[in-house]
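Peer 1: Take this structure first; my questions come after.
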Amino acid sequence: MVKKQLCIYAIKAVKDLNEAYKNGKMGTFLEEKAWREGREHFKDARNEDTYLPIIFADAGSTWELLYWAKLTNVEILPNTNKQSKSKSMTRYSFKEMRRYPKRNPPYNKTELIVNSTGNPISEGFIRSYSICIRPKYLK
């Protein structure tokens, strides 16, 4: 049975995103939260011989969608940062990073539909990631 096509919305500093784009359109980032559900959807996509896209917005503003890429790995690791509240963290890797095309108004997070609610991501949403329904233009 083919599951609903999903993606991950994530925020990251724009300088890190631009650097990954310039350095081969791929990268690996750490997140101080455990993306347990994201890891399961990543595994499901692999088992169905497809990919799980990750859509990035700048962590500074979280509004405009800047890049998207194909996830190549999602792993949960013990968090070694003693100051963090989370006991686990996520290391994720991606490839084939692409810029969102310029348009007016720009692509923004409120166009993404949260998988668990069926509603758009709210303007005030500032968490580090969300599982969303894959936009049709990423199919």
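The values are calculated or read from the model by the stated rules, or taken from the named source; none is laboratory data. Quick caveat, the model's predicted, so the values are computed rather than measured. Positions of Cβ are generated from backbone atoms using ideal geometry, with glycine treated the same way; all protein chains shown enter the neighbour counts.
Peer 1: Report yes if some residue within region 99-112 is closer than 22 Å to Glu40 by Cα and part of a strand (DSSP E or B); otherwise report no.
Peer 2: No, because not a single residue in region 99-112 is closer than 22 Å to Glu40 by Cα and part of a strand (DSSP E or B).
Peer 1: Quick one: in region 61-80, of everything that is aliphatic (A, V, I, L, M) and over 22 Å from Lys139 (Cβ atoms), which residue is modelled with the highest pLDDT?
Peer 2: That would be Ile76.
Peer 1: Collect the residues in region 81-113 that are touching a strand residue (DSSP E or B) at 6+ places or on another chain (Cβ under 6 Å) and free of Cβ contacts under 8 Å to residues at least 40 places away in the same chain, keeping them in residue-number order.
Peer 2: Tyr100, Thr110, Ile113, listed by residue number.
Peer 1: Let me ask another. Please count how many residues of region 81-101 are at pLDDT 90 or above and not acidic (Asp, Glu).
Peer 2: The total comes to 13.
Peer 1: Continuing with the same structure: Taking only region 113-133 into account, find how many residues are over 9 Å from Tyr9 (Cβ atoms) and outside any loop (DSSP other than H, G, I, E, B).
Peer 2: Of the residues in region 113-133, 3 are over 9 Å from Tyr9 (Cβ atoms) and outside any loop (DSSP other than H, G, I, E, B).
Peer 1: Going by the conditions given, is Thr117 within 15 Å of the chain's Cα centre (by Cα) and either surrounded by 10 or more Cβ atoms within 10 Å (Cβ to Cβ) or hydroxyl-bearing (Ser, Thr, Tyr) (or both)?
Peer 2: When the stated conditions are applied, Thr117 does not pass them.
Peer 1: Let me ask something else about it. Can you tell me which residue is surrounded by the most Cβ atoms within 10 Å (Cβ to Cβ) among those in region 13-62 that are in contact (Cβ under 8 Å) with a residue 60 or more places away in the chain and assigned to a strand (DSSP E or B)?
Peer 2: It comes out as Ile55.
Peer 1: Taking region 120-139, which residues are of a type outside the set (Phe, Trp, Tyr) and surrounded by 13 or more Cβ atoms within 10 Å (Cβ to Cβ)? Even if it seems obvious, please write down each step before you answer.
Peer 2: Start the filter on region 120-139 by keeping residues that are of a type outside the set (Phe, Trp, Tyr), which leaves 120-124, 126-128, 130-136, 138-139.
Those that are of a type outside the set (Phe, Trp, Tyr) and surrounded by 13 or more Cβ atoms within 10 Å (Cβ to Cβ): Pro120, Ile121, Ser128, Ser130, Ile131, Cys132, Ile133, Arg134, Pro135, Leu138.
Peer 1: Separate question: I'd like the residue in region 69-93 that is in a strand (DSSP E or B) and among the hydroxyl-bearing types (Ser, Thr, Tyr) and, out of all such residues, is surrounded by the fewest Cβ atoms within 10 Å (Cβ to Cβ).
Peer 2: Residue satisfying both the conditions and the ranking: Ser88.
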